[in-house]
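Report on one structure; see the data block that follows.
Only the coordinates and a few stated rules stand behind these numbers; no lab work does. Because the structure is predicted, anything quoted here is derived from the model rather than measured. Every residue, glycine as well, gets a Cβ built from its backbone with ideal geometry; the counts of neighbours run over all protein chains shown.
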Amino acid sequence: MKGATALKPLPKGEGKEGLFEDLKTLVLQYNEAHMIIREISTEGTPEGVFRRMRDGISRGLDYQRVGLWFLNKGQRRLEAAYSSGYPPGRFEGRVIPLNDPDDPIVTVLKELKPIIIDPQKEKGPFPEGYRRLERGASKVAVIPIVNVGRKGCWQIAKCKKSNCPFYERNGLKPFPPPKTTSFNWVFCEYFPAYGVVTVDSPPADRRIDDDLYPLKIVCNYAGILLERLFLFQKIKELSIRDPLTGAYNRAFFFEQLAMELRRAKRAGGKFCIAMMDIDSFKEINDQYGHLAGDRVLRRVSSVINSQIRGMDILCRYGGDEFALLLPDTDAQGGRVVMRRIKKAVSGLTFLFAGERVNVSLSGGISSFPQDSINLERLITLADEKMYEEKLEKKRGGKEEPEGDFFLN
C-alpha cells in the first residue's frame, strides 16, 4: 500500500513465544479475577462484598497491602472501609476529602478509569494522605468500583434542569456541595461509582501494571453487585416502614414481637409493650386539615424515636396510634420510658393558621410475663390502659403520678 510503513519481521520464534506468553498471562489474570468474582457473588450485603474483595485481592493476587475506600457522595469524600496488610489502627478512620480538582483521585472518579500514581511525587489530598498511610509505597494502583452499565454525571454547583440531562430524564437531584470549599462541583445522585480500591507492593515477580486488568474486572462486577444489593436494601426498608412517619409498620412489628416472645420464653426474659395515642388528633385533622395532621404524626414519631433505645421497635399501629416493643424491660422500666416520651411530646408546639397547638399522648403498658404470656392479651391490656387514660383525661382526671424508677 502506497505510503504505508512495512512492519519489521520479528526474530524467528520471538513472535509466537511472545504471543503465547501474552495469552497465557491474560488467561491467568482472567482466572484470578473469576475466582474473586465467585467469592464476592456469595455475599448478600455490601459489607460482605467489600470484605470478600479485600480478601480475594490480597490472597488471589498476593498483594501485601489492599485498601477499600467507600465514596460518600453527600460529603464528597473517601472513607476508609476495609484493609489488609496495614498496621493496626493506621487505615481505619481515614478520610480523604475530594475538594481538589488536580488530585489524581478526582481524575479516577471523573473518568471512571484505573490509574497508577506515585504518592511520593504526586500532589493533592489523596497522595498526601497515602504518604502518611504508607510511606514506603512508590506506586499505587487506584481502581474505581463502578457499575459500568449505568451512566452518571458531574455537574457544577449551580446545576439546574436546563443543563443536566439526568434532571430531565430521571428527575434526580444532585447532592449539594459543601459550603466550605471553592471546588464547584457535585456528584449527581445517579453517579455510578461506590468507591475505589488501592493496592501497592505487588509480588517480586510482577509489576503493578500487570494486574490492572483483573482488578478492573473485579471492581466492575462488584459495582454491579453493590447496586443490586443497595437497591434490595432500599426495597426491603420500604417494605417494613410506614412511608409517612418512618416508623415500622404493623407487619414488621408483629414479626419482631413473635421473635421476642420466643426468645423471652426460651431464656426466661422479659419485655414490655406500650400502646400510645395522640390526644385530640381528630380535632386537629378536622380543624386544620390532613396536612397539619401529617406534620403532627411525623414530629411525634421523631420525638418518640429520640427517647428510646436502638434495640426498641416503634411501630405506627394505625391512624394516630403507635405501638412500642421494649425488649429486656420490666413494668417499672416501661413506665419510666412512657413518662419520658409523654414529657417530650408535651413540649411540642405547632403553628396552624396562626394558632399555637399543643399535643399530648395517652399510653398504656403491659409486660411479659407479669401481665400475661399471650401476645394478643398483652396488646389488649396495653390498649385498654391507654383508653382508660384517655377517658380519665376527658373527665378532667390526672395522669399516672411521677415515680423515680430506672430502666433496667
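Would you mind checking Lys265/Lys343; Lys282/Lys342; Lys343/Lys394; Lys234/Lys265; Lys342/Lys385; Lys342/Lys393 for any pair whose Cα atoms are more than 21 angstrom apart? The answer is Lys265/Lys343; Lys234/Lys265. Taking trypsin sites (Lys or Arg not before Pro) across region 187-270, the ones in a DSSP loop with at most 16 further Cβ atoms lying within 10 angstrom of their Cβ are Arg206, Arg207.
Distance from the alpha carbon centroid of region 198-250 to that of region 328-393 works out to 42 angstrom.
Taking every alpha-carbon pair under 8 Å whose residues sit at least 6 apart, region 250-394 reaches a relative contact order of 32 percent.
Restricting the GluC sites (Glu not before Pro) of region 255-357 to loop positions (DSSP other than H, G, I, E, B) with no more than 13 neighbouring Cβ atoms within 10 Å leaves nothing.
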